[in-house]
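The values are calculated or read from the model by the stated rules, or taken from the named source; none is laboratory data. Keep in mind the model is a prediction, meaning the values are calculated, not measured. Quick reminder, even Gly has a Cβ in these numbers, built from the backbone with ideal geometry, and neighbours come from all protein chains shown.
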Amino acid sequence: MLEAIITYEFLQNAFAAGILIGLIAPLLGAFIVVRRLSLIADALSHVTLSGIAASLFLSKTFVMFNGLNPLWLGMGFSVAGSLLIERLRAVYKHYQELAIPILLSGGIGVGVIFISLADGFNTDLFSYLFGSVSAVGRSDLYLITGIAVIVLLIVFLLYKELFLLSFDEEFGKASGLSTKALHLIFMVMTALVIAASMRIVGILLVSSLMTLPVAAAMRLAKGFKQTIGLSVLFGEIAVIVGLISAFYLDLAPGGTIVVSSIIILLAAIGYRNWFAVKKS
Amino acid sequence: MSHHVIELINVNYRYDKEQVLTDINLAVPEGAFLAVVGPNGSGKSTMLKLILGLLKSKGGEVKLFGKPISKFREWEKIGYVSQKANAFNTGFPATVYEVVASGLTKKAGLFSRVERKYKSEIIDAIQAVGMQDFSNRNIGELSGGQQQRVFIARAIVSRPQVLILDEPTVGVDAKNVQTFYDMLERLNVELGITLVLVTHDTGTVSNKITHVACLNNTLHFHGSAEDFEQVKDQDLSAFYGHDIQTIHHNHSHGVH
């Protein structure tokens, strides 16, 4: 495997991107899960799809958009979607979860229109839906690296504020924290991580990398920092194992990464239950 | 310069069309232990939220430490303990230590790491509520009473001068309520923290409080507990039902 990585540039790109995503997706995911926003991540990923589809359509139809990296438009749609969710949640104060199906179906709906306009599925689109080992280019890697640096920096600098926002928003407000601004930063970060992750795990499976490692970590961890640490560890294992098996078995990495995550999750649940039985 | 830590001057509040608070005047002196009593829906929690800046008054003025609330910035001087039941997700994977440390978020300021810098303050606060043996446990594994003690520790870790508590004993089992209030009394007497407590447990606290505020959309009585004794024969008791009766009854224990 190592030899293959040294030989092929596309594998270097895929692994570098995968390791970055294995770090930032579960890191942010820990906050997303405890804030009960997992489904929002899913809705945003579908909005990203419409951005990707729009971009593929534009570059196919208009010469001037030729060569445009679809990640940019996907990222733009995703960030716009995160802001729209906040508007919708404010409109439906008592039915905040309504924002999720609205964006989820809206994202797919718009996406499907662009896909039809661009004359249906092609391999490019397939790789965006389910991830790809071979499709990560240098420009993708640069963009993903940029997003990873921004997210790591923000989470590092605003860790205690994000913790307080997640644990007890009202107490945060009462102690003078501007929770609105913080929440907005958080949503935009989520949108960016989703855009970054889809090259590897695919749009349809992005949220899995933000939730499954965290679900496993929560079974085992003491405290929030440990939850984050274990989530990142599990995320990295899932991505690396997933990418290697995808390469050798010629499968879409989205599938292998999710299956690896689920195996880790089952092991964590099993370990905890076995341990609990032994203790009592 | 007034020595009142909290002042409400002709404060009004309404939710949509429903008037909740009308012309509230209240002044809490430094070092007081004020109990706010009143029936459900009388606006007790709303009044606390106005003081905490979680809601904005619709008429009148709120002053904290002599400053209008809109200009007040020293929020670390005010600690807050909410009704536990609706404020927190019991499955949250955070240790007691992490939860208490989060009470320093504002005091420490942006970009600083609290957990190492304020280690001794955090340990002191955990000790003050008697939870030192649990500091590495996840908050969800504790009983309701223990959780509420952790929230007190979180509120006092920034060394506030005022502690505001909204029915803190909801969900705490009866046998621990007394210990809980004993601990509050210690904070008030030994550390000199001004306490504002919304409660239904008037029987348990009546020998600890120094001031009483009876709220039912308007403030019907506000003064020292001794003054309260003087007006007890007025028809207020009929208006408030058992709250007044309980306080009256327990006055035999003496009020400081």
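General observations
- Cβ-Cβ under 6 Å pairs, at least 6 apart or on other chains, segment B:183-195 side within 11 Å of B:Phe33 (Cβ to Cβ), far side among the polar types (S, T, N, Q): B:Leu195/B:Asn188
- Pick from segment A:212-223, criterion surrounded by fewer than 24 Cβ atoms within 10 Å (Cβ to Cβ) and of a type outside the set (A, V, I, L, M), ranking: farthest from the other protein chains (Cβ to nearest Cβ): A:Arg219
- Test: A:Phe275 is within 30 Å of B:Trp75 (Cβ to Cβ), assigned to a helix (DSSP H, G or I) and aromatic (Phe, Trp, Tyr): no
- The residues listed here are A:Glu236, A:Glu170; of these, the one that is in a helix (DSSP H, G or I), within 11 Å of chain B (Cβ to nearest Cβ), surrounded by fewer than 22 Cβ atoms within 10 Å (Cβ to Cβ) and charged (D, E, K, R) is A:Glu170.
- Residue within segment B:96-103 that is surrounded by fewer than 17 Cβ atoms within 10 Å (Cβ to Cβ) and within 12 Å of chain A (Cβ to nearest Cβ) present: no
- The set of residues in segment B:106-131 that are of a type in the set (Gly, Ala, Ser) and more than 14 Å from chain A (Cβ to nearest Cβ) comprises B:Ser120, B:Ala125, B:Ala128, B:Gly130.
- Evaluation of B:Ile156 against (1) more than 14 Å from chain A (Cβ to nearest Cβ); (2) crowded, with 20+ Cβ neighbours inside 10 Å (one fails), failing number: (1)
- Test: residue in segment A:149-170 that is closer than 27 Å to B:Arg154 by Cα, among the small types (Gly, Ala, Ser) and over 15 Å from the mean Cα position of the chain (by Cα): yes
- Against the criterion of being in a loop (DSSP other than H, G, I, E, B) and either surrounded by fewer than 18 Cβ atoms within 10 Å (Cβ to Cβ) or modelled with pLDDT of 90 or more (or both), B:Leu165 does not qualify.
- Yes/no for A:Ala195 being within 15 Å of A:Tyr128 (Cα to Cα), crowded, with 24+ Cβ neighbours inside 10 Å, away from chain B (no Cβ under 14 Å) and touching a helix residue (DSSP H, G or I) at 6+ places or on another chain (Cβ under 7 Å): yes
- Subset of segment A:91-141 (residues that are farther than 22 Å from A:Ala54 by Cβ and part of a helix (DSSP H, G or I)): A:Val91, A:Gln96, A:Glu97, A:Leu98, A:Arg138, A:Leu141
- So B:Gly31, is it under 26 Å from B:Gln127 (Cβ atoms) and away from every other protein chain (no Cβ under 13 Å): yes
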